[in-house]
């Protein structure tokens, strides 16, 4: 068979296939695959969620320029939820009922993610989220809600060996009073006896708190030597000022290093000197650098924020599931396809790390060994070694 005949044969097969599906090639290009994105563009964590939307929009633009998925473009619907559960659920309903979205991306805080997960389970629409709360885990069966980030428990598990290595024995906790913090506190308490630590006490910080001096003094007086911190950037800065005001300098270690990066953008950098954080991978690997290059192209900004990596992973694996689903108009087919994506090369994780969802595990990264500890030096998070 010569080349011209082969091309003609392939073209005919494509046309026949589309014909059986009841659509033409032109209709395929005009018939988009709709994806919703509810995001906390205002409220706690807005810095990272704004970045998420910029990244997702850029990915969609590049994908559509390359022909979309199986000849069909992706249309992305974005709505702000202010990181409020009721507004997020309203967005989800609109995406499903009005926009006919077959899958949804949720870029907001864990409190909202919990509401989104419940909605997904009730409506049978797959939702990819960035909440890290262990309450979002599904340890049995197939899920309708998927985690693009390592769960909090995995990150905390990576932090405790570091505290032990440094010789500390009394551990305290400071965190947001929102779901992410309260769930994290429960996980911290679970790990304390495993590593032989004494728990010194906990501080829960309400969003928009302006002063934590009294709370910092209380935790210091209880003898805390290391403080596990699960907090958002504005309140993390308030905590840093409180420690400075009382001249107390414990080891502060966050299970989520990118919140320290965000805090360095809005807080005097010297206040965070020596703080440590669990980073979610080796960001010198080629794919990680490629993500930063893409974000710079999309936004005009050069940043090294690890939320860019997990949003890349979460959205790309969702697109791959749509591609291999066999029916991109069927939410259940897409949900099932998420479990079929294997050896997915992640931007997160150490060099060579791959991820996948498994029945009974609805998060991509499965091992704390893919997480690394970084330390604030000269105003930047850097490798400890």
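Rule-based calculations on the coordinates, nothing more; no lab input. What you see is a predicted model, and the numbers here were worked out from it, not measured in a lab. Don't worry about glycine lacking a Cβ; one is built from the backbone with ideal geometry, like all the others, and counts go over all protein chains shown.
Return the FRET efficiency for the residue pair residue 222, residue 164: r is the Cβ-Cβ distance, R0 is 22 Å, and the value is rounded to the nearest 0.05. So the FRET efficiency works out to roughly 0.65. Between the entries (i) 20.3, 64; (ii) 23.8, 83; (iii) 22.4, 83, the label attached to Rg and Dmax of the Cα atoms in Å calculated for this structure is (iii). Our summary gives the range 311-376 a relative contact order of 22 percent, counting only alpha carbon pairs under 8 angstrom and 6 or more residues apart.
Once the Cα-Cα distance is subtracted from the 0.36 nm per residue extended length, the residue 31 to residue 344 segment shows a gain of 109.9 nm. Helix 257-266 against the longest principal axis of the chain: what's the angle in degrees, Cα atoms only, rounded to the nearest 10? Between the helix axis and the principal axis of the chain, the angle is about 80 degrees. At full extension, residue 324 and residue 282 could sit 12.3 nm farther apart than now, given 0.36 nm per residue minus the alpha carbon distance.
Label-to-label distance for residue 273 and residue 42 is 3.9 nm, based on points extended 7 Å past Cα in the beta-carbon direction.
Take each peptide in 146-153, 55-62, count the other Cβ atoms within 10 Å of every residue, and average; sorted highest first, the result is 146-153, 55-62. In terms of the mean number of neighbouring beta-carbon atoms within 10 Å, the peptides 239-250, 293-304 order highest first as 239-250, 293-304.
Each Cα pair under 8 Å and six or more residues apart adds its sequence gap; the mean of these over the residue count of the range 222-358 is a relative contact order of 19 percent. Helices in the chain, meaning DSSP H runs of at least 4 residues, each add -39500 (n - 2.57). Divided by all residues, the mean residue ellipticity at 222 nm is -14000 deg cm²/dmol.
Helix 306-324 and the longest principal axis of the Cα set of the chain meet at an angle near 30°.
Computing FRET efficiency as 1/(1 + (r/R0)^6) for residue 124 and residue 358, where r is the C-beta to C-beta distance and R0 is 25 Å, gives about 0.80.
Taking Cα atoms only, the orientation of helix 110-123 departs from the longest principal axis of the chain by about 30 degrees. Computed on the chain, with alpha-carbon pairs under 8 angstrom and 6+ residues apart, the relative contact order is 16 percent. Here the extension length gained between residue 208 and residue 384 equals 60.2 nm, from 0.36 nm per residue of separation less the Cα-Cα distance.
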